[in-house]
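Heads up: the structure comes next, in structure tokens.
The values are calculated or read from the model by the stated rules, or taken from the named source; none is laboratory data. Since this is a predicted model, take the numbers as computed values, not measurements. Note that we place each Cβ from the backbone using ideal geometry, even for glycine, and neighbour counts take in every protein chain shown.
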Ligand SMILES: Cc1cc2nc3c(=O)[nH]c(=O)nc-3n(C[C@H](O)[C@H](O)[C@H](O)COP(=O)(O)OP(=O)(O)OC[C@H]3O[C@@H](n4cnc5c(N)ncnc54)[C@H](O)[C@@H]3O)c2cc1C
């Protein structure tokens, strides 16, 4: 029998696309209303090459609103420190997160994996990360796990004495996993991706924390599958949100 109060340690994140209404054709009909009026829906299947050209033009010239007529809802489970960064993205995003007031929080905690670069070098805003030594990985894993175990024990002790969940949770660290639904559209997702991924081909470089980038990469994979022409145009034009 597994002990539900025994801490679990994870180095990965969960990202699932749970619902979507998002296709390249949504961009086309929204854009073509300017010239075709209510016939824009009928013109959809006319010429795929023309559609590609139109999406590229909209992306290049930053005509952003046609990229808003679609919707993607993701279930995400990641450490609280990732959610703190995530929730700074306000425009075109809706969030609902599990509550630490209404339910007992489960003991799932983040520990960096062996491939997580541990050592920061360089100037603020332009940090580079390099591999940690085996000793640095060992101390990180051991210190985190010991700290997580102690804080979760304190949390459980307070709950056992009848202290409210909303009070007892104060001892839990930002490495605790939380979960949420996040709904966005292609335009708001592109803005998020431009800031939360680090790519050589980006016109404007960004230096995100690796853990939010892990979430962003998984979201980008799902979106690219749904809207391949829009994703290709985003790549072609330097990953700048229109
Ligand atoms: C690498 C990195 C490091 C960061 N470091 C820090 C940090 O040290 N401290 C910190 O506090 N934050 C930090 N942030 C968070 C950052 O300041 C933004 O809050 C976050 O990236 C969300 O960006 P945004 O406001 O453009 O996105 P959104 O909130 O989604 O907004 C999208 C766009 O809508 C427009 N917009 C939205 N709201 C307004 C408004 N009120 N007025 C005018 N225009 C608006 C803007 O054009 C904006 O770009 C960091 C972000 C990154 C990527």
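When 71, 91 are checked against the criterion of being farther than 23 Å from residue 210 by Cβ, touching a strand residue (DSSP E or B) at 6+ places or on another chain (Cβ under 6 Å) and at pLDDT 95 or above, a single residue qualifies: 71.
Return yes or no: is residue 211 modelled with pLDDT of 95 or more, surrounded by 13 or more Cβ atoms within 10 Å (Cβ to Cβ) and more than 20 Å from residue 83 (Cα to Cα)? No; evaluated as a whole, the condition is false for this residue.
When residue 239 is tested against (1) within 12 Å of the ligand (Cβ to nearest atom); (2) assigned to a loop (DSSP other than H, G, I, E, B), exactly one condition is not met: (1). Total residues in the stretch 81-104 satisfying the condition of being crowded, with 16+ Cβ neighbours inside 10 Å and within 16 Å of the ligand (Cβ to nearest atom): the figure is 8.
Looking only at residues in the stretch 176-188 that are within 13 Å of the ligand (Cβ to nearest atom) and not in a strand (DSSP E or B), which one is surrounded by the fewest Cβ atoms within 10 Å (Cβ to Cβ)? So, considering only residues that are within 13 Å of the ligand (Cβ to nearest atom) and not in a strand (DSSP E or B), the one surrounded by the fewest Cβ atoms within 10 Å (Cβ to Cβ) is 185.
The criterion of at least 2 residues that are at pLDDT 95 or above is met by the following strands (runs of 3 or more DSSP E) wholly inside the stretch 95-159: 108-110. For the stretch 189-207, the count of residues that are over 30 Å from residue 92 (Cβ atoms) and surrounded by fewer than 17 Cβ atoms within 10 Å (Cβ to Cβ) is zero. Exactly one residue out of 151, 147 is within 20 Å of residue 81 (Cβ to Cβ), away from the ligand (no atom under 16 Å from the Cβ) and out of contact with any helix residue (DSSP H, G or I) (no Cβ under 6 Å at 6 or more places or on another chain): that is 147.
A single member of 107, 66 is buried (at least 17 other Cβ atoms within 10 Å of the Cβ) and more than 22 Å from residue 195 (Cα to Cα), and it is 107. At pLDDT 95 or above, more than 25 Å from residue 183 (Cα to Cα) and over 14 Å from the mean Cα position of the chain (by Cα): does that describe residue 61? Answer is yes for this residue. Suppose we keep only residues that are closer than 29 Å to residue 50 by Cα and either assigned to a helix (DSSP H, G or I) or within 11 Å of the ligand (Cβ to nearest atom) (or both) within the stretch 190-216. Which one would you say is farthest from the chain's Cα centre (by Cα)? Step by step, filter the stretch 190-216, then rank; the result is 204. Residues that are in contact (Cβ under 8 Å) with a residue 60 or more places away in the chain and loosely packed, with under 11 Cβ neighbours inside 10 Å within the stretch 115-144 comprise 125, 126, listed in sequence order.
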